[in-house]
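Before any comments, here is the structure.
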């Protein structure tokens, strides 16, 4: 499969154009553009990148040939654990069955699973000696098993005394009993919702909410671009990195008065079933506004947030496809290409029939491609550091 060969400078110029197009679309139709990009471009990105990462041995330095399979096997197993309960509950709902009373894999450990994979990738890439790799993996495993990073705390505030009682634990029955005991109204004799559930550790938000989503599509894309620009010495590549930063900031600084945007009913329905929780978390972390549907879909901050999300995801996908002639991800056996195209078309049809169905069906691949990319992310970081400081250090010695 041959494609026109573009120079690095030409690709960088194309990316600048794609960046501007992505930003314009995100400003005009934020929710609609994000949903379309995720459903149409996303599955093709997952499938082709996983195939390319496999060809590159997942960017994991191999001590022996068999060691190349260690990271992808761990990633596949833990991704299965991560999505199992959600997929099973969705299938049961589709069959008009009640949700599982006892979930096979408790979601409270999802944060630890992601942390563990992130830690494993860092050790495999950053640590050179075998004994140090083994020691590092043991330390990461012990930490992941010993501390439940995703543990939540229930904080109830008495409106009369302004005192707050807290309960940190994962037993749902104990949480309910605690809320019933410390949830008060102004008279102190009736239960109302004066309790908030928050993560005990701030790292939980990083690993579960932002690392697989916005950090993956925006920060890691920026690192990948910067590494490529420094490696090739491309001025347009560096301009592209600077423009990516500007495009990421612009949605929060400029709200065009001539754009009178209102989310469509269809987009709102699909977003409710898919990414509503992500916006809710962002509201709770970065806005004084309540994370209500009215604010998420209609407030100035809500629109700004979604413009950024739409831009970050749309450009992330387009950036991947624009670099086809450079990283050669399209060079795969014809059978593999056929499988990729069939799965992609099937995924798009599922999203078109019902967005929630498509999202759940692709949940495994969407998480897996993020996790399998972790070693590449660390390689990009190491490459940037070496490009910026390696020569200076060598000259000094």
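So that you can scan it fast, the table gives a plain yes or no per residue for (1) assigned to a helix (DSSP H, G or I); (2) within 18 Å of residue 201 (Cα to Cα); (3) touching a helix residue (DSSP H, G or I) at 6+ places or on another chain (Cβ under 8 Å); (4) at pLDDT below 80:
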{"site": "140", "(1), (2), (3), (4)": "yes, yes, yes, no"}
{"site": "150", "(1), (2), (3), (4)": "no, yes, yes, yes"}
{"site": "156", "(1), (2), (3), (4)": "no, yes, yes, no"}
{"site": "159", "(1), (2), (3), (4)": "no, no, no, yes"}
{"site": "173", "(1), (2), (3), (4)": "yes, no, no, yes"}
{"site": "176", "(1), (2), (3), (4)": "yes, no, no, yes"}
{"site": "181", "(1), (2), (3), (4)": "yes, no, no, yes"}
Count - residues of region 214-262 that are assigned to a helix (DSSP H, G or I), without any contact (Cβ under 8 Å) to a residue 60 or more places away in the chain and closer than 21 Å to residue 278 by Cβ: 5
Residues of region 70-93 satisfying the condition of being surrounded by fewer than 18 Cβ atoms within 10 Å (Cβ to Cβ), touching a helix residue (DSSP H, G or I) at 6+ places or on another chain (Cβ under 9 Å) and under 28 Å from residue 129 (Cα atoms): 70, 74, 76
Residue list for region 263-303, restricted to those being assigned to a loop (DSSP other than H, G, I, E, B) and touching a helix residue (DSSP H, G or I) at 6+ places or on another chain (Cβ under 8 Å): 263, 264, 273, 274, 275, 287, 289, 290, 291
Residue 289 assigned by TED's automatic domain parsing to the domain that holds residue 323 and at pLDDT below 95: yes
Residue that is modelled with the lowest pLDDT, among those in region 58-68 that are surrounded by 14 or more Cβ atoms within 10 Å (Cβ to Cβ) and part of a helix (DSSP H, G or I): 67
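The values are calculated or read from the model by the stated rules, or taken from the named source; none is laboratory data. In this text, all values refer to a predicted model and were calculated from it rather than measured experimentally. For neighbour counting, all protein chains shown are included, and Cβ atoms are generated from backbone atoms with ideal geometry for every residue, glycine included.
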